[in-house]
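**Student:** Just dropping this structure here.
Just so you know, all these numbers are worked out from the coordinates, no wet-lab data involved. Given the structure is predicted, the values throughout are model-derived calculations rather than measurements. No Cβ is skipped: glycine too gets one built from the backbone with ideal geometry, and neighbour counts run over all protein chains shown.
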Amino acid sequence: MACPICQKETDPKYRPFCSKRCADVDLSRWLSGSYVIPAPLVPEDEDERPDDSTFNRPN
């Protein structure tokens, strides 16, 4: 398995990375927002949140 940052062979101590440096580079990318999970943009006024009447139960 290759390190996802530098493509060197991984070290079992830092798996899936080859070193602490590459693990820290990856963590820094997550914390800075470089990695994102794509999602469709939804305008705020079209947010599909259920209203309170959805949760009302008959007594």
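**Student:** For a protection proxy built on the mean count of beta-carbon atoms within 10 angstrom, sort 28-34, 1-7 highest first, please.
**Tutor:** Output ranking for 28-34, 1-7: 1-7, 28-34.
**Student:** Could I ask something else about it? Length gain on complete extension for the stretch Asp24 to Met1, per 0.36 nm per residue less the alpha carbon to alpha carbon distance?
**Tutor:** Value of the extension gain: 6.4 nm.
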